[in-house]
1. Under 10 Å, Cα contacts only: if you run a Gaussian network model on the chain, which one of THR270, THR296, THR70 comes out with the highest mean-square fluctuation?
2. Would you compute, from DSSP H runs of 4+ residues alone, the mean residue ellipticity of the chain at 222 nm, taking -39500 (n - 2.57) per run and dividing by the full residue count, rounded to the nearest 500?
3. Is there a pair in LYS179/LYS223; LYS179/LYS292; LYS223/LYS244; LYS262/LYS292 whose C-alpha atoms are over 20 Å apart, and which pairs would that be?
4. Exposed loop trypsin sites (Lys or Arg not before Pro) only (DSSP loop, at most 12 other Cβ atoms within 10 Å): please give the longest stretch of the chain free of them, not including the sites.
5. Can you find, among GLN149, SER39, ALA319, the residue farthest towards the positive end of the dipole of the chain? Put +1 on the C-beta of Lys and Arg, -1 on that of Asp and Glu.
6. Please compute the contact order of the chain in relative form: average sequence separation of alpha-carbon pairs under 8 Å and at least six residues apart, divided by the residue count, as a percent.
7. Where the only charges are on Cβ atoms (+1 Lys, Arg; -1 Asp, Glu), what is the dipole of the range 134-303 about its Cα centre, to the nearest 20 debye?
8. Within 10 Å of each candidate Cβ there may be at most 16 other Cβ atoms; applying that plus a DSSP loop requirement, which GluC sites (Glu not before Pro) in the range 179-257 survive?
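The values are calculated or read from the model by the stated rules, or taken from the named source; none is laboratory data. In this text the structure is predicted, and so the values were computed from the model without any measurement. FYI the Cβ positions are ideal-geometry reconstructions off the backbone, even for glycines, and counts take in every protein chain you see. Note: accessible area is taken over every heavy atom of the protein model, side chains too, but ligands, DNA and RNA are not part of it. Shrake-Rupley method; radii C 1.70, N 1.55, O 1.52, S 1.80 Å.
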Amino acid sequence: MSREKGNQVRVLGIETSCDETGIAIYSQRDGLMAHRVHSQIDVHAHYGGVVPELASRDHVRYLRPLVDETVAASGLDLVDIDAVAYTTGPGLLGALLVGATFGKALAFSLDRPALGIHHMEGHLLAPLMETPDLQIPFVALLVSGGHSQLILVRGIGDYQLLGTTLDDAAGEAFDKTAKLLELGYPGGPKIAALADHGDATRFRFARPMTDRPGCDFSFSGLKTQVLTEARRLVKTNQLDEQAKADLAASFQQAVVDTLVIKCERAVAETGARALVMSGGVSANRLLRQTLKSLETSGIQVAYPAPEFCTDNGAMIAFAGLMRLSHGQIDPTLAMTIRPRWPLSELPKVS
Ligand code: KG4
Ligand code: ZN
């Protein structure tokens, strides 16, 4: 396939902010042309969490082969790419540096524009890949390993923070709870799998902050409640496999109830007619089902397919395309990364 035949914009997306190397090509006309994700779970599992230096090295190892594989899978050549979008932040410094250096250098060598993308904007806009007719403004629930936020989206880059976590993020709560139950890493999918065999009504954990006004979250107390209950069960020799599954199911139910209550509140307070969810935790089946049930009250509910909820290159390529189509490129050769980067500091596009 050649550039002339297509005559359209195609963006290569590179995601390396944490423990997944994600590459994708997103086309303005044809949508997602190809994508590949290399997960580092095996690298970090032994340590019970992400080891930053190992993450960077693994990105170095897999980035180039994955780009070649993705380009080949799309049926294009590298020269058919019109722009390169890479994750600038937030994330792990070394891991971000790998993707940013490669992305900037590739764009320069191809004489194409480069765009630095905010990882959370990638998650935020990901639901639009499959639901382009989303009603704006919409409320977005961003739930990942590092973030739990409710945001009012009025346009690209026009984001109002409605609520955030005061301590642990939802994914972090899943990961820490899984660790204390000795389920391994990453915790979210492990808890969810175990919860399938558990009784969510056996333990009554709090729905934190739902009795207070506002859209903020707090999840660290929940993990402590699970720990206290687990210790009590150990003392009485009752922490068997079923009890663990019941703890996992009751914990998952408490997190899901809390998130859904806050989503309903955010929608009611803003008058938005649509709700989207994204970030790793939005791959959770119970959360997806429960949130979808809000459609009965007339709200449009959308979220990406599970593979695009966790970190991936497609969301970066898509966000890149959105910004590129509004003329936003980074004209300098300087390569910037921002391990800490509030979403509110992003430029709006008109
Ligand atoms: O967005 P993401 O892939 O990486 C970050 O940017 O943080 O999110 C990873 C988080 C982890 O905390 C992981 O445990 C959680 O998403 N997660 C889940 C599920 N799948 C991933 N949490 C609950 N249920 C799941 N099925
Ligand atoms: Zn993420």
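1. Maximum fluctuation in the GNM of the chain, among the listed residues, is at THR296.
2. Estimated from H runs of four or more residues: -13000 deg cm²/dmol.
3. LYS179/LYS292
4. Segment 30-203 is the longest.
5. The Cα lying farthest towards the positive end belongs to GLN149.
6. 25
7. 100
8. Passing both the DSSP loop test and the Cβ count: GLU182.
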